[in-house]
1. Using a cut-off of under 16 Å, list every residue of segment 556-600 whose amide N is near the label point 7 Å from the Cα of THR613 along the Cα-to-beta-carbon line.
2. Please give the charge dipole size of the chain, origin at the Cα centre, charges +1 on K and R Cβ atoms and -1 on D and E Cβ atoms. Round to the nearest 20 debye.
3. In terms of Cα to Cα distance under 20 Å, which lysines are near enough to LYS651, apart from those fewer than 8 places away along the same chain?
4. How large is Rg over Rh for segment 4-275, taking Rg from the Cα atoms and Rh as the Kirkwood inverse mean of 1/r across Cα pairs?
5. Over all directions, how big on average is the projection of the convex hull of the alpha-carbon atoms in segment 279-426, in square nanometres?
6. On a straight-distance basis, which lysines could pair with LYS246 in a cross-link, Cα separation under 16 angstrom, same-chain partners fewer than 8 positions away excluded?
7. All other residues with a Cβ under 10 Å from the Cβ of LEU484 taken together, and with Lys, Arg as +1 and Asp, Glu as -1, what is their net charge?
8. In whole angstrom, how far apart do the alpha carbon centroids of segment 72-121 and segment 428-466 sit?
Amino acid sequence: MNREPYLRGVVSGKNLFENILETHGISPAPGPGEPMDLPIDQTLTQDATGTMACLQFEALEMRRVATKCSVSYVDHNTFQAGFQNSDDHRFLQSFAAKYGLVFSGPGNGICHQVHLERFGVPGDTLLGSDSHTSTGGGLGMLAIGAGGLDVAMAMAGHPFRLTSPEVVLVLLEGILSPWVTAKDIILTLLQRVSVKGGAGKLFEYGGPGVATLSVPERATITNMGAETGATSSVFPSDEITLRFLKSQGREKDFRPLSADPDASYAEVLTIDLSELEPMVAQPHMPDRVCAVRKIAGLKLDQVIIGSCTNSSYMDIASVAAILKGRSLHPETSLVIAPGSRQVLAALVESGVLGDIVKAGARILECACGPCIGIGQSPPTDGVSLRTFNRNYKGRSGTQSAKLYLCSPQVAAVSALKGELTDPRSFGRPPKVDMPEAFPVIDHLFVPPSDDPDAVEVLRGPNIKPLPRGQAVPETIKGEVLIRLGDDITTDDIMPAGAHIMSLRSNIPAISEYVFSHQDPGFAKRARDRGGGFIVAGRNYGQGSSREHAALAPMFLGIKGVMARSFARIHKANLINFGILPMTFMTGDEFEQIQPGDQLVIERVVRSLKNGSTLCVLNTTRSSVFEVRIDLNGREKEVVMAGGLLEYLRLKSAIQNPQS
């Protein structure tokens, strides 16, 4: 196929991203790399990031949220072993009642699945304090993950400050073969572009293959697009979208959206769906993708089906059809977590839940659970096949485990065999139909109070005040506390798991676990040295949006991070909490610097105001090198003030000197 008509500069029509921007008053769209202020229609928070976002919103001294719709979900820390998580849930519910958010309590489901079902609106902008907020792009939303402070600002009515991405067209041609799924599409894309390949880009899906994919299938693709480092991913809103919204009783929310026929793009990637086959991501990175057939026969200790990537009704009903009348392999555990209460109710009403239970599967609460290491950790050196989006080392709660990522169909067939199996060897796939109407359980969402002044926000003893940032001094000194390689994730910086995640509202306590899997002595060393520097390779901070990976290091006194490159959300979080992100000019400088080196950076404020580089003196090695500061003017001011909240306080004091 001739790709030339799509390429930037050849034609002048608007792509879908530009059309959505135009409906929000941004026209013409800024060029790639240029800043924009994006108005936000909707926000979502979840409990792992939500308490901090709520505390930050309170610091802005707003009476009510200013968005069209803001939803507070409890889906991560639903394991209530001790008072901490229960206290957080009570805090979030009372906060939502007072400040105007809808509250979705534990058991209602995973935020992205529920938002797709009940709240997402084609063409709306959605900002969420979770990196997989891009799931909403399957419904035609411009949905972007961000740190909690950015979401708090959006809840207060501020636009989201976004660096405009390059728009890449992913042109889908052909039709998927039997047993090949939407998960295989996104795994193929990850294999092609890598976990770094989406940085600074937005993937827009088009071509005739789009019409063959349901909204849940599209959402699987946009959800896992986050693993490429992309700003977001988006599908058009079309007849398929309308059919989905009708099944939810929400056809009034439908709005057709597409790219202009002569739209142009920075790049075009073509995927012929008919050429794809079942794929699997190998440990310990989502882009280590190969065909299932190449490693088939791998013995499995555990199979888990669920997560915000693959927990829709169609995903799990397909699994039920495969399991019907059969039994699991006796040496393989199968665990299934429906994505929402609606999905679970639909499974019950259709009668297929019984097929899952009779086959020997364990049914979990509608929540994130094992995806973030809360429950169902594999055995020592265990092999776990999962339908999730991430397989980082230690993420499951077992450091020595090996996690593989696949589609629900591959997972189900493999659970029966006890080994990784190409499902095409299983015969014809069973046919599963999408229900014309899904059960609506909206009465379990708690609306905000009509009398907010009468609502008391309830705080347990584990909810500690926000730490305050410190203005950047003219001279920064400190030790290189740790030196890391490429693709360091926010899981590496601030691990998940049941115990650590219960401390998300308590920065002094959770800071003890910074880099605990990489270097158990890091937190103590940082405190003893009065802070210092982190040094890392490419793509530092990829993965989850968790701002605790910046907040806790700030609390420990980290003054700056030097890396070869940064992941988008984490870099923004560093800026928001006053930690200076610095980029090495060359790989040689990165290779020469070592843990324990003493660094001095002079004239910091002056250099930030007047330029884009800083001069670093390594007194241990008697060497000097420059680092690049890739920040715009406002970002520099935020860092110099000690973070975004300090910057806003400073601006308020300047504008209201007598207050």
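1. Counting backbone N atoms under 16 Å from the label point, the list is 582-590.
2. Approximately 1060 debye in magnitude.
3. Hits, sequence-local ones excluded: LYS609, LYS636.
4. Radius of gyration over Kirkwood radius for segment 4-275 works out to 0.98.
5. Details: hull surface 29.8 nm².
The Cα convex hull of segment 279-426, projected and averaged over all directions, gives 7.4 nm².
6. none
7. Surrounding charge for LEU484 is -3.
8. After rounding, the separation between the Cα centres reads 5 Å.
Taken together, the values in this text are just the output of simple stated rules run on the coordinates, not laboratory data. Predicted, not measured: the structure shown is a model, and the values here were computed from it. Because the Cβ atoms are built from the backbone with ideal geometry, glycine has one as well, and the counts that use them run over all protein chains shown.
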